[in-house]
1. Quick check on my link table: of LYS405/LYS473; LYS142/LYS456; LYS118/LYS160; LYS142/LYS189; LYS189/LYS456; LYS160/LYS189, which ones sit more than 25 Å apart, alpha carbon to alpha carbon?
2. Heavy atoms only, probe 1.4 angstrom, no DNA, RNA or ligands counted: give me ARG269, ARG122, ARG440 ranked by accessible area, highest first.
3. Expressed as cubic angstrom per residue, what is the convex hull volume of the alpha carbon set of the stretch 426-520?
4. If GLU141, GLU370 are ordered by their accessible area, calculated over protein heavy atoms with a 1.4 Å probe, which sequence runs from highest to lowest?
5. Expressed in nm to one decimal, what extension gain is obtained for the pair ASP507 and HIS214 from 0.36 nm per residue of sequence separation less their Cα-Cα distance?
6. Under 19 Å from a point placed 7 Å out from the Cα of ARG485 along the Cα-to-Cβ direction: which residues of the stretch 445-473 have their backbone N that close?
7. Amide H to amide H under 5 Å from VAL532: which residues, 5+ apart in sequence or cross-chain, H placed 1.01 Å off N in plane?
8. Can you compute the FRET efficiency between ALA542 and SER91 using 1/(1 + (r/R0)^6), with r the Cβ-Cβ distance and R0 = 25 Å? Round to the nearest 0.05.
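The values are calculated or read from the model by the stated rules, or taken from the named source; none is laboratory data. In this text, all values refer to a predicted model and were calculated from it rather than measured experimentally. Backbone-built Cβ (ideal geometry, glycine too); neighbour counts: all protein chains shown. Keep in mind that these areas ignore ligands, DNA and RNA; they rest on the heavy atoms of the full protein, side chains included. Shrake-Rupley method; radii C 1.70, N 1.55, O 1.52, S 1.80 Å.
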Amino acid sequence: MEYLRTLKPLFTMTHQWIPVGRTLPRYCSKLSNSAATSRERRTTVDKFKTRISSGPSLKDFVTGVSTTRVTDGEHSGKHAYLSEHLEMGNSRKVYFETYGCQMNVNDTEIAWSILQKKGYQRTVDLNEADVVLLVTCSIREKAEQTIWNRLQQLTAMKKKRLKSHAPMKIGILGCMAERLKTELLEREKLVDVLAGPDAYRDLPRLLTVADGGHQASNVLLSLEETYADVMPVHHAPQGNSAFVSIMRGCDNMCSYCIVPFTRGRERSRPVSSILEEVRMLSDQGVKEVTLLGQNVNSYRDTTEEQSCSSGLTKLSRGFKTVYQTKRGGLRFSDLLDRVSRVDPDMRIRFTSPHPKDFPDEVLHLIAERENICKQIHLPAQSGSSQVLKAMRRGYTREAYLDLVKNIKGIIPDVGLSSDFISGFCGESEDDHQQTLSLIREVGYNVGFLYAYSMRKKTHAFHRLQDDVPAEVKQRRLEEVIGVFREEAVRVNAALIGSTQLVLVEGDSKRAANDLCGRTDGNIRVIFPKEDVAVQPGDSNTAPLCAGDYVLVKVGYGSYRYTHSFKEV
């Protein structure tokens, strides 16, 4: 009690508190008073609990406290220690640099939408930027090294800026922020702000903290964040195409891949939010939308319970996953169906899919719906079943070829593209030759080809040996590129003499008198910049512009228009 008397002036007490713990006997499993009845013991314990409950609470020890209950969602984006006006951009200028995949392009649009609402302005001139944000990629070591080199350049620029301008803040967003947070903040001290892929809502606060001279970081991954309520500010060239993110994260856990560790678990954006964005893009005149996701065709929206299927998710025949089969939700085929109905004149593409998620209903929908492009990205990664097993891809060479056969049977004019990794852990010369033979057998028109780069945190980093020498990786990669080019020439040559519907993208970089565009199969076509008939047999002509559809007869170095679908 002497201790309490010493501290008493610090407290404001609203109740008389008797320290009941000093006056009550101690009870244990073996009672000293064997005559006490069970009822007496219960009565004594109940009295003890009552007296404890009437004692002081936390607020009795804090003067002038007011109790406020915060419900879910009320705290989102709110920080009690920062007044709202401190998080405003006050017209400061932000400069973005985006590296890596299309998801990073979409992330840039999301981050800019959040900052724009806080009063920031966007600039394309680095020299006038108050904030420089790099949206980064960690998929390969080369991509990360590019960012490190760029940070050195920006840091030198920042030091010069201190002599004549307000200090420039440098931020790293995306996958590299999550993976290399310690190196970026503590070892190199090159950045002011770090924001992981799920922390873009926190950017205004992070930048405010950085303005106070402190480094600020939020790289927490979320099981729920999809930015469904954030409408991206699209900055596609000429505004004729746009990316729409439909899901984030990945559950596949391929042994070489860092994505599950930098972007987290799969979670899908609600269908209603996606359709709202696609309708808005249609109203703005966008002619092509690409649906995005790390595993885009594993989309599964469970928010609309009344219209959700309760069945198991269907996989491609002969494929399996490292996780238990998922149940319920609106699937990718449901979403693709609804999106394609928004605007029949808007092309729909999607990337990047996994081969395991192509059940027949998806393939039949692509074949039947005219505005869903007949082009499928089908990442194989290797042509060897042994290497595919080490990669934990969930299929064999034979299962992959069966899927290709099924796709070509349902969509006869389909164009296929793929990813391949050369020199993965344990890859033998025979494994490499099997990859070359797979490329020849399938016949792709587009490829994304890389030498293997081991990433920390991955299954391969912990369990496998990166035992293929660098020079062997490079030699095998060059051979893969050579075979791929040969097959692409053969596949694309089949288009000679055919008439293709081409979406005009703009001027060709090769010649000022030419335009360029893409076919339904994602093949780039270059054609003369000429006035064309608006409709077949129509004497009225008009110049072609970006965003127009035009029918082009493809030939070697010469093209003949049939007619355009230009709106005049």
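1. Result: LYS405/LYS473; LYS118/LYS160 exceed 25 Å.
2. Largest to smallest exposure gives the sequence ARG440, ARG122, ARG269.
3. Measuring per residue, one finds 169 Å³ for the Cα hull of the stretch 426-520.
4. GLU370, GLU141
5. 100.9 nm
6. 445-451, 473
7. Amide H to amide H, under 5 Å and 5 or more residues apart or across chains, VAL532 pairs with ALA542, LEU544.
8. For ALA542 and SER91, the calculated efficiency is 0.05.
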